[in-house]
Amino acid sequence: MGIVQKVREFVEGQRLLSCNDLYLVAVSGGADSVCLLLVMQKLGYHVEAVHCNFKLRGSESDRDENFVRELCNRLHLPLHLAHFDTREYAQLHKLSIEMAARELRYGYFEQLRLDLGAEAVCVAHHRDDSIETVLLNLIRGTGLHGLTGIKPRNGHIIRPLLCLSREEIERFLKDEQQPYVTDSTNLDADEATRNRIRLELIPLMKTINPSVSESIQKTAEHLIEASHVVDEACKTALRELKKDNGNGQFEVDLAALRSHPSPELLLFELLTPYGFGPDVVRQLSRHLDGQSGKLYRSATHLLITDRNRLVVEPKQAALPALRIPEMGTYVYHEELKFRFSHVPGRKVSREPNCASLDEALVKFPLCVRPVRQGERFIPFGMTGSRLVSDFLTDRKLTLLEKQRQLVVCDADDHIVWLVGQRPDQRFCLTPSSAETLLIEFLPQR
């Protein structure tokens, strides 16, 4: 079967392209991308070429650009060029050169795609690239998806050549008498782990099995099918386990999680999107019935084990302190309000979001702030002081809830009210109280 027909069948089988849409083809000037451009044109798709000059290899970078320009002129194809100061970008954003080039390349591709109304960007990854990815992930350690190789489609990035080997690509270009340029860094076996896999490991494996590339590809295809089954099973299980509490917070019943055949896999699928890595997943899976109150942090979220459940919520900015100089209504944080009112005589409120205090015993200015570690107060109805943390634990608040607990303090920084929980006995109304300070907490509805 010819190369063009092989790609046609692969594209149709994967439903990658449409004859009615515009596609951008990323062309570096190397064998893979030149092959992709020629095949796409031979298949009759509406394409325009894109080339990025990253200014990293001096005259070689300019040589590649000129080659691509001449190729597109000969093929009568539009060419879009971009020049980047990759080293400056990498330094500014504290990235490796490779990561900086990737961000610049795909950022430009997507913006150009939107500007031109193109359906997708075609890139020239081939079967050997996918095999290298499988081996690279295997060496580093990976899960099921890491062994499935490169996907034919990822969003608006399409890879029509994944059905071809590098050898087939080079043979096609030779038959077409089509030259291409060679990136000298790809010939340096010490440049990157991927290059060492390509130039050293795969040739060694071929001495054991000459068809090792085909074998690895077939295994990856089997694992892709298996991953579909596993993914669907995980989605079903997580829909049953995950309880949404609102405001980005959710919880999972640990007893139900433990009853599944692979709690660790479910935890991985559940927590990875929230930035928790394999180490956290491994620790949790080994201690699902362990210590309550264990806290984990990712860049964006907090996770806590609380008795028989696991709770995840977005990180929040530290709560501020608000000075209350006199009676009135005050906006504390994100439209949370406190109202401080003078009431003649004794007015006792039993509402949890209200505190009735003896106005003569409370010294202004007051302060609303989060509770501090190690703080104590005397809960209403008791005679001795208690750690606020212990009191809240008895009330079955999680560690995250305890960290957000608010208090109202007087001018001497004594807690007069543990907001929503209990006033301090020392400031409560007595039979001889003449005036009431009524504090109301008005949370956002």
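The values are calculated or read from the model by the stated rules, or taken from the named source; none is laboratory data. Note that the structure is predicted; figures quoted are calculated from it, not measured. Backbone-built Cβ (ideal geometry, glycine too); neighbour counts: all protein chains shown. These accessible areas exclude ligands, DNA and RNA; they are computed on the full protein's heavy atoms, side chains included. Shrake-Rupley method; radii C 1.70, N 1.55, O 1.52, S 1.80 Å.
Has segment 124-142 got any residue that is part of a loop (DSSP other than H, G, I, E, B) and under 21 Å from the mean Cα position of the chain (by Cα)?
yes
In segment 19-60, which residue that is among the small types (Gly, Ala, Ser), open to solvent by 10 Å² or more (accessible area, probe 1.4 Å) and more than 31 Å from the chain's Cα centre (by Cα) is nearest to residue 102 (Cα to Cα)?
Once the filter is applied, the top-ranked residue is 30.
Going through segment 91-115 one residue at a time, which ones are surrounded by fewer than 14 Cβ atoms within 10 Å (Cβ to Cβ) and aliphatic (A, V, I, L, M)?
92, 99, 114
Do you know which residues across segment 137-166 are open to solvent by 60 Å² or more (accessible area, probe 1.4 Å) and under 14 Å from residue 36 (Cα atoms)?
Listed by number, the list holds a single entry, 166.
Consider only pairs whose beta carbons are under 9 Å apart and that are at least six residues apart or on different chains; among these, list those whose first residue lies in segment 221-232 and is open to solvent by less than 40 Å² (accessible area, probe 1.4 Å) and whose second residue is of a type in the set (Gly, Ala, Ser) and assigned to a helix (DSSP H, G or I).
none
Filter segment 244-282 for residues that are surrounded by fewer than 13 Cβ atoms within 10 Å (Cβ to Cβ) and assigned to a helix (DSSP H, G or I) and give the result.
Hits for segment 244-282 are 255, 258, 273, 279.
Under 7 Å between Cβ atoms, which residue pairs at least 6 apart in sequence (or on different chains) link something in segment 377-403 that is open to solvent by less than 60 Å² (accessible area, probe 1.4 Å) and part of a helix (DSSP H, G or I) with a partner that is at pLDDT 85 or above and hydroxyl-bearing (Ser, Thr, Tyr)?
402/389
Looking for whichever is touching a Pro at 6+ places or on another chain (Cβ under 9 Å), within 30 Å of residue 311 (Cα to Cα), of a type in the set (A, V, I, L, M, F, W, C) and modelled with pLDDT under 95 here; the options are 400, 336, 418. Which one fits?
336
Suppose the filter is assigned to a helix (DSSP H, G or I), out of contact with any Leu (no Cβ under 8 Å at 6 or more places or on another chain) and over 24 Å from residue 18 (Cα atoms); does residue 110 pass it?
Criteria not met by residue 110.
Return the residues of segment 404-435 that are surrounded by 20 or more Cβ atoms within 10 Å (Cβ to Cβ) and part of a strand (DSSP E or B); say none if nothing qualifies.
406, 407, 408, 409, 415, 416, 417, 418, 422, 423, 424, 428, listed by residue number.
I need a count of the residues in segment 351-360 that are open to solvent by 80 Å² or more (accessible area, probe 1.4 Å) and more than 30 Å from residue 318 (Cα to Cα).
Summing the residues that are open to solvent by 80 Å² or more (accessible area, probe 1.4 Å) and more than 30 Å from residue 318 (Cα to Cα) in segment 351-360 gives 1.
Would you pick out the residues in segment 1-10 that are surrounded by 21 or more Cβ atoms within 10 Å (Cβ to Cβ) and modelled with pLDDT under 95?
If the condition is that a residue be surrounded by 21 or more Cβ atoms within 10 Å (Cβ to Cβ) and modelled with pLDDT under 95, then 3 is the only one that fits.
Testing residue 121 on (1) free of Cβ contacts under 8 Å to residues at least 24 places away in the same chain; (2) touching a Lys or Arg at 6+ places or on another chain (Cβ under 9 Å); (3) aliphatic (A, V, I, L, M), one condition comes back false. Which one is that?
Every condition holds for residue 121 apart from (1).
Restricting attention to segment 324-361, and to residues there that are within 30 Å of residue 295 (Cβ to Cβ) and assigned to a strand (DSSP E or B), which single residue is nearest to the chain's Cα centre (by Cα)?
My answer is 333.
Enumerate the pairs (first residue in segment 88-107 and closer than 16 Å to residue 57 by Cβ; second residue anywhere and polar (S, T, N, Q)) with beta-carbon separation below 6 Å, excluding pairs fewer than 6 apart on the same chain, so at least 6 apart or on different chains.
From residues that are closer than 16 Å to residue 57 by Cβ, the pairs are 100/86; 101/86.
Determine, yes or no, whether residue 307 is closer than 21 Å to residue 401 by Cα, of a type in the set (Lys, Arg) and open to solvent by 90 Å² or more (accessible area, probe 1.4 Å).
Yes: the conditions hold for residue 307.
So for segment 142-162 (the condition being within 28 Å of residue 72 (Cβ to Cβ) and of a type in the set (S, T, N, Q)), does at least one residue qualify?
yes
From the list 173, 201, pick out the single residue that is of a type in the set (A, V, I, L, M, F, W, C) and modelled with pLDDT of 95 or more.
Only one candidate qualifies: 173.
If I filter segment 310-350 down to residues being acidic (Asp, Glu), open to solvent by 50 Å² or more (accessible area, probe 1.4 Å) and touching a residue at least 40 places away in the same chain (Cβ under 8 Å), which single residue comes out as nearest to residue 435 (Cα to Cα)?
Filtering segment 310-350 for residues that are acidic (Asp, Glu), open to solvent by 50 Å² or more (accessible area, probe 1.4 Å) and touching a residue at least 40 places away in the same chain (Cβ under 8 Å), the one nearest to residue 435 (Cα to Cα) comes out as 335.
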